[in-house]
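Undergrad: The structure follows.
The values are calculated or read from the model by the stated rules, or taken from the named source; none is laboratory data. Model, not experiment: these values are computed from the prediction. In this analysis, Cβ positions are derived from the backbone assuming ideal geometry, glycine residues included, and neighbour counts consider all displayed protein chains.
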Amino acid sequence: MSTSTNSDGEQPRLAVTDLSKRFQMHVVDGREVVGLDSVEFDVAAGEFLAVVGESGSGKSSLLKCLHRTYEPTDGTIEYDTGDSVVDLATCNERTILSLRGTDVGYVSQFLREIPRVPAVDVVARPLRESGSSPEQARETARGLLERLQLPRELFDAYPATFSGGERQRVNFARGIAPRPRLLLLDEPTSALDPETREHALKLLRDYLGDDTAVVGVFHNHDVVERVADRVLTIDDARVVDVRPTGGEST
Amino acid sequence: MTDAEPESLEELHDPSSEGLEGYNYAYLDEHTKREVRRATLKAISIPGHQVPYASRAMPLARGWGTGGIQASLSLLGPDDVFKVIDQGSDASVNAANIRRLAETTADIETTTDTTAASVIQTRHRIPEEVLTDDQILVLQVPVTDALRRVDGSDDRNRTRHAHADYSKMWVALYESVVQWGEVDIGARYPVMVEGRYLMDPSPIPRWDVPKLHDADNLFVFAAGREARIYAIPPHTDVEPLAFEDRSFRVEHFDEEACDACGSTDTFLTEVEGEDGERRFACNDTSFCEKRQRNSDCAKDDHLERSDIAWGPGTGIDPNGFVGDGGEDI
Amino acid sequence: MTFLDADGLTKVYGEGCSACLATTGPEYDRNRCPECDSVVACADVSFEVRDGEVLGIVGESGSGKSSVAEILALDADATAGTATIRGHGDVLDADYQRRREIRDEHLGMVHQHVHDGLNLSFTGGGNVAEKLLSAGWRHYGDIRSRVRGLFEETEVPVDRMDDSAETYSGGMQRRVQIAKAIANDPGLVVLDEPTTGLDVSVQARVLDTFRRLQREQDVATVVVSHDLSVVRLLADRVLVMRQGRIVEAGLTDRVMEDPHHEYTQTLINSII
């Protein structure tokens, strides 16, 4: 295991080294597309790292590599489970599946769920799967949806009929519900009005406490400045800048 | 037939021949008898298993007891006493014809008294009087396989028997209880023999089924049309298929008694008298006659022991119930 | 813990010859042996499934995925290969009697065609009861209450339990198959095209019911489907099959979003 450390000399929650992702597009004559090129950064426990960049610069690819939805081509993604350090880029799939169930949360922009499952059950599902009783899980789910100001009458309705903002709140609640130790957020508030977004961001800190490491892609500059500890800027598949919020470029 | 080949047509059509003359002893040639005996022995060795045999053409139509006759004639010897009953009656035309065939070709005595017979051929009944280890009951069988109720394919059913796979039959029982509140099978009630083979006991009423269990006598089941023989040797476990909480039940006749002998512990059939009135009468006519002469005559009167369970009504439960009745759904 | 370990599953229809495996497969774009005309339905298919895990097998018709399902359900013999079930050894090698026991007590199968999965002349309840009776249940009251419970779990109206399965809707019949499949708390359930032939709205509910039960009971599952969205919703990991071979395997979201093999890319790009 590598022993990359942050400035405090402690093992970071997440340490990314030389991470590259190249796609081979067989359907277009085997053309190779570079998604990420030698990306390096780390995130401490309790830290919020914002990832910014133009569309197509590689922000979502980065989150997907961290989640192993994309299989990294090169590099390491060292995640500290508390007991040991696991390389998310190369560890076996079963380890990934088990970490996804307990440690690593991912909130995509869009909700993808089995249709005809009531909103409250969508949110409660990961809690039930990690061992909560059905009632306890629903109770927590209701609390989260309330904090996100989802109208109560929608709790037992199917998200397929919801507006974009309503669905995004369900998705957000589901992602944070199990209190992951590493949370990956891909524009989770893009469809929310400013007021609801405020509630969502506040909930994030209140509910997760100060242990969760967050890597979040956000478009809104104000949001980044408010919630993030540091900002990582990606351009054309490469990291071009990492700086603390409120400060100047490093 | 004698062993020598006949030398002329005259010899074959000797007008003076009658009775045994011109026929082999007990009608069947010795090879056929040996074949039937071999099949019977095999059947006894594998209780409840259907053993194929080379069923011969008989001088009566298939389906009229040709299997039973072949089994009986293969078993009979000059010292035997033969009884034939057809649905409880010694007097039916078919029973009389079969009895006469055996009488003329096997030179045996015949009887209508169950207790006096050494071999009894029967259709659809087991006698009311307890059979002993000196007696063989030959049952005529129209349908050999209990599984044919649930699947018409003998091929698949043979595989099921080979592997004791009787779940299809159990589902049929389940469906029957769902639909009727009880297992709705009258005659041909499926039984498990020695915990291994599912067996069709021939169209005997449920009343007679318990008699198959742990009996002193040998039961031989023979089908002419289907060319199968199976058997239940003495003291074999025979259990009617039933759910633990839906016990097997025999027919019950409420408060009815036989119109002729007054019995309340025998299998009764409803008959219409010449006056057009319907009344109940013993189905086993020979025992009914005994009862008419002596109303105290018990089913085991001819035995020294009196503790033998022989179906319903042998003193244990006069209402004719076996088991604990079962509950409603 | 690994419940099922399938190793080298191969099924050849026809006489077969030494050239069969070397001359068929995705790189030759055929599954029929040019030497002997045998059809290689599947070859060298290996995977394992753990308790509580759902493995998806996707592919077009003729890819061999249904042959794999049939072999796992012990409905068809394999030409080669082993399928080891925890505690029972290689079940492909078992004799008829043991195969039946394993099928009755440790496997559940949901068939694509209702006639393969249910006896429509029986009641819906009777179809589920059959599985219990096969496993030796002999108490009518116990069977009734277990069947009733399974109907509730799979959301089939309990008051239809004693109606002939023929009178059920397609969705209900599929649910009865699921009830039957899980009746004996099997270690492995195999679903073959679980939504084919159902209305879109019914599909979703059947899948949701199954996923809930699957998670609750922690049962290892293999789901075979040509429908990528079905596999995406149910499976943790997925195998992509073509011309009888596995061309790609991986985490379901990885295979769907970052397909490596040319064929998988084409397949994913064909989704509407």
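Undergrad: In this structure, does C:Phe210 turn out to be modelled with pLDDT under 95 and aromatic (Phe, Trp, Tyr)?
TA: yes
Undergrad: Wholly within the range C:198-261, which helices (runs of 4 or more DSSP H) include no fewer than the required count, namely at least 2 residues that are among the basic types (Lys, Arg)? Lay out the reasoning, then the answer.
TA: Numbers: elements: C:200-217, C:228-234, C:252-257.
Those helices (runs of 4 or more DSSP H) span C:200-217.
Undergrad: Still on this structure, please answer the following. Are any of the residues in the range C:82-90 outside any loop (DSSP other than H, G, I, E, B), more than 14 Å from every other protein chain (Cβ to nearest Cβ) and touching a Gly at 6+ places or on another chain (Cβ under 6 Å)?
TA: No - not one qualifying residue is present in the range C:82-90.
Undergrad: Select, from C:Gly87, C:Gly149, C:Gly141, C:Gly117, the only residue that is touching a helix residue (DSSP H, G or I) at 6+ places or on another chain (Cβ under 6 Å) and not hydrophobic (A, V, I, L, M, F, W, C). First the steps, then the outcome.
TA: Working: C:Gly87 fails: touching a helix residue (DSSP H, G or I) at 6+ places or on another chain (Cβ under 6 Å); C:Gly149 fails: touching a helix residue (DSSP H, G or I) at 6+ places or on another chain (Cβ under 6 Å); C:Gly141 fails: touching a helix residue (DSSP H, G or I) at 6+ places or on another chain (Cβ under 6 Å).
Residue meeting the stated conditions: C:Gly117.
Undergrad: Here is a list of conditions, (1) more than 9 Å from chain B (Cβ to nearest Cβ); (2) part of a helix (DSSP H, G or I); (3) hydrophobic (A, V, I, L, M, F, W, C), and C:Leu133 meets all of them except one; can you say which number that is?
TA: (1)
Undergrad: Which of (1) closer than 24 Å to C:Glu70 by Cβ; (2) not in a loop (DSSP other than H, G, I, E, B) does C:Gly149 not meet, given it meets every other one?
TA: Condition not satisfied by C:Gly149: (1).
Undergrad: Identify, please: which residue in the range C:4-54 is within 14 Å of chain A (Cβ to nearest Cβ) and part of a loop (DSSP other than H, G, I, E, B) and is, among those, surrounded by the most Cβ atoms within 10 Å (Cβ to Cβ)?
TA: Of everything passing the filter in the range C:4-54, C:Glu53 is surrounded by the most Cβ atoms within 10 Å (Cβ to Cβ).
Undergrad: Pairs, please: C-beta under 7 Å, at least 6 apart or cross-chain, first residue at positive phi and in the range B:156-171, second buried (at least 21 other Cβ atoms within 10 Å of the Cβ) and not aliphatic (A, V, I, L, M)?
TA: none
Undergrad: Filtering the range B:213-226 down to residues that are among the hydrophobic types (A, V, I, L, M, F, W, C) and crowded, with 24+ Cβ neighbours inside 10 Å, which residue is farthest from the chain's Cα centre (by Cα)?
TA: The extreme case among them is B:Ala215.
Undergrad: Being closer than 22 Å to A:Val122 by Cα, out of contact with any strand residue (DSSP E or B) (no Cβ under 7 Å at 6 or more places or on another chain), within 8 Å of another protein chain (Cβ to nearest Cβ) and touching a residue at least 12 places away in the same chain (Cβ under 8 Å) is true for just one of C:Leu233, C:Leu213. Which residue is that? Can you show your working first?
TA: Numbers: C:Leu213 fails: within 8 Å of another protein chain (Cβ to nearest Cβ).
After ruling out the rest, the residue left standing is C:Leu233.
Undergrad: Could you please let me know if B:Glu182 is free of Cβ contacts under 8 Å to residues at least 12 places away in the same chain and under 26 Å from B:Phe253 (Cα atoms)?
TA: no
Undergrad: Are there any helices (runs of 4 or more DSSP H) wholly within the range A:94-212 with 3 or more residues that are of a type in the set (Asp, Glu), and if so which?
TA: A:134-147, A:194-208
Undergrad: Moving to a separate point now. Residue by residue through the range A:102-124, note down the ones that are without any contact (Cβ under 8 Å) to a residue 40 or more places away in the chain and of a type outside the set (A, V, I, L, M, F, W, C).
TA: Residues satisfying the conditions are A:Arg112, A:Asp121.
Undergrad: From the list C:Ala179, C:Ala165, pick out the single residue that is within 14 Å of chain B (Cβ to nearest Cβ) and not acidic (Asp, Glu).
TA: Sole residue among the options that is within 14 Å of chain B (Cβ to nearest Cβ) and not acidic (Asp, Glu): C:Ala165.
Undergrad: Which of the residues spanning the range B:170-196 are farther than 26 Å from C:Asp163 by Cβ, surrounded by fewer than 19 Cβ atoms within 10 Å (Cβ to Cβ) and away from chain C (no Cβ under 14 Å)? Quick ask: steps written out before the conclusion?
TA: Narrowing the range B:170-196 to residues farther than 26 Å from C:Asp163 by Cβ: B:187-189, B:191-196.
Retained after the next criterion (residues that are surrounded by fewer than 19 Cβ atoms within 10 Å (Cβ to Cβ)): B:187, B:194-196.
The answer is B:Ala187, B:Glu194.
Undergrad: Taking the range A:158-178 as the search range and keeping residues that are surrounded by fewer than 15 Cβ atoms within 10 Å (Cβ to Cβ) and within 26 Å of A:Glu198 (Cβ to Cβ), which one is nearest to the other protein chains (Cβ to nearest Cβ)?
TA: A:Thr161
Undergrad: Is the range A:86-107 home to any residue that is farther than 22 Å from C:Arg237 by Cα and more than 10 Å from chain C (Cβ to nearest Cβ)?
TA: no
Undergrad: Which members of the range C:55-64 meet the condition of being touching a strand residue (DSSP E or B) at 6+ places or on another chain (Cβ under 7 Å) and either farther than 22 Å from C:His106 by Cβ or within 14 Å of chain A (Cβ to nearest Cβ) (or both)?
TA: Across the range C:55-64, the qualifying residues are C:Leu55, C:Gly56, C:Val58, C:Gly59, C:Ser63, C:Gly64.
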